[in-house]
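Some notes on the structure that comes next.
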Amino acid sequence: MLCAYTKENASVLATEAHKNDGPFHCPECETELILKQGRVKIAHFAHLPNTDCSYAGEPESETHIETKLEIYKALQLQPGVSKLQVERYLKEVRPDISFCFEQRYIALEIQISPLSFDELIRRTAAYTKKNIYVLWMPILSLEMFSGRYAPKEWERDLSSLYNGIVYYWSHGLDLVPVEFEKYMLTPGRYSSWSEKASKRYVSPKMLPAVSILKLSPLRQPKRFPYPAARLWGLPVDDASA
Ligand SMILES: [Zn+2]
């Protein structure tokens, strides 16, 4: 974990914490956490062994942690951004980054590992209930630059949820919105069909990069199987233009 609570119940980042600020504790299970500021791994907090806290489970990848910190540092420099926090504890959800901008609460979920449909729905609904606009963002990969891409199931889910666009994070505050267009298979010499769309591959259409702060709040009505949702994204008209 990058963030813990001090004895005064103030949240503190491991990269900015001093040993003297401790003892630190976990917002979920309230047990004491160990501050680890080594040379090899990025500073973080760790539970004691044999805890059954859900936050102690699978460790996040270095990429996930580095991305979180890069976005956090970029947002720190932006005027108008307030209440900026990494891993804010909101009981049902814990956004990687959250902040207030133009009187709206925004949560960023950096997605690297597989995401189940149920979890996507659960967290999106939880944010919506708390009047928070959520942006789910995978990380841009080189694969996107080839004309053929095999999106994972959860990337397709994100595309459906966000009106046909997935927002891939590239660096700093920059996102590359991507539309999944049909990837047409060319028939072989002896096949009877003329041309058909691949089920596995899409042709990624990369839209111009956009800053996280240039996106807008979207109030998405309930649309089966998606619940009503507060999303942070491109306005629908702009997106299809
Ligand atoms: Zn805990």
- Subset tally (residues that are assigned to a loop (DSSP other than H, G, I, E, B) and of a type in the set (Phe, Trp, Tyr)) for region 1-60: 0
- Query: Within region 102-112, is even one residue surrounded by 16 or more Cβ atoms within 10 Å (Cβ to Cβ) and out of contact with any Phe, Trp or Tyr (no Cβ under 9 Å at 6 or more places or on another chain)?
  - Reply: no
- Message: Give all pairs with beta carbons closer than 8 Å in which a residue from region 136-150 that is closer than 19 Å to residue 115 by Cα meets a residue that is part of a loop (DSSP other than H, G, I, E, B) and among the aromatic types (Phe, Trp, Tyr); count only pairs at least 6 apart in sequence or on separate chains.
- Response: 136/162
- Task: Go through (1) part of a loop (DSSP other than H, G, I, E, B); (2) outside the structural domain of residue 120 (by TED's automatic domain parsing) and name the single condition residue 79 misses.
- Result: (2)
- Message: Taking the criterion of being within 18 Å of residue 108 (Cβ to Cβ), within 11 Å of the ligand (Cβ to nearest atom) and at pLDDT below 95, would at least one residue in region 72-90 satisfy it?
- Response: yes
- Item | Sole exception among (1) part of a helix (DSSP H, G or I); (2) open to solvent by 30 Å² or more (accessible area, probe 1.4 Å) for residue 170, by number | (1)
- Regarding residue 178, is this residue open to solvent by less than 50 Å² (accessible area, probe 1.4 Å), touching a Ser or Thr at 6+ places or on another chain (Cβ under 6 Å) and under 18 Å from residue 138 (Cα atoms)? no
- Note on the structure: When restricted to 22, 38, the only residue within 16 Å of the ligand (Cβ to nearest atom), small (Gly, Ala, Ser) and out of contact with any His (no Cβ under 8 Å at 6 or more places or on another chain) is 22
- Mind listing just one residue for me: the one in region 124-156 that is assigned to a helix (DSSP H, G or I) and at pLDDT below 95 and, of those, most open to solvent (accessible area, probe 1.4 Å)? 142
- Query: For residue 159, are the conditions met, namely being free of Cβ contacts under 8 Å to residues at least 24 places away in the same chain and crowded, with 16+ Cβ neighbours inside 10 Å?
  - Reply: yes
- Task: Keeping to region 49-59, report how many residues are open to solvent by less than 60 Å² (accessible area, probe 1.4 Å) and of a type outside the set (Val, Ile, Thr).
- Result: 4
- Filtering region 1-48 down to residues that are touching a residue at least 60 places away in the same chain (Cβ under 8 Å) and more than 22 Å from residue 71 (Cα to Cα), which residue is surrounded by the most Cβ atoms within 10 Å (Cβ to Cβ)? 27
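The values are calculated or read from the model by the stated rules, or taken from the named source; none is laboratory data. All figures in this text were calculated on a predicted structure; none of them were measured in a lab. No Cβ is skipped: glycine too gets one built from the backbone with ideal geometry, and neighbour counts run over all protein chains shown. For accessibility, only protein heavy atoms count, side chains too; no ligands or nucleic acids. Shrake-Rupley method; radii C 1.70, N 1.55, O 1.52, S 1.80 Å.
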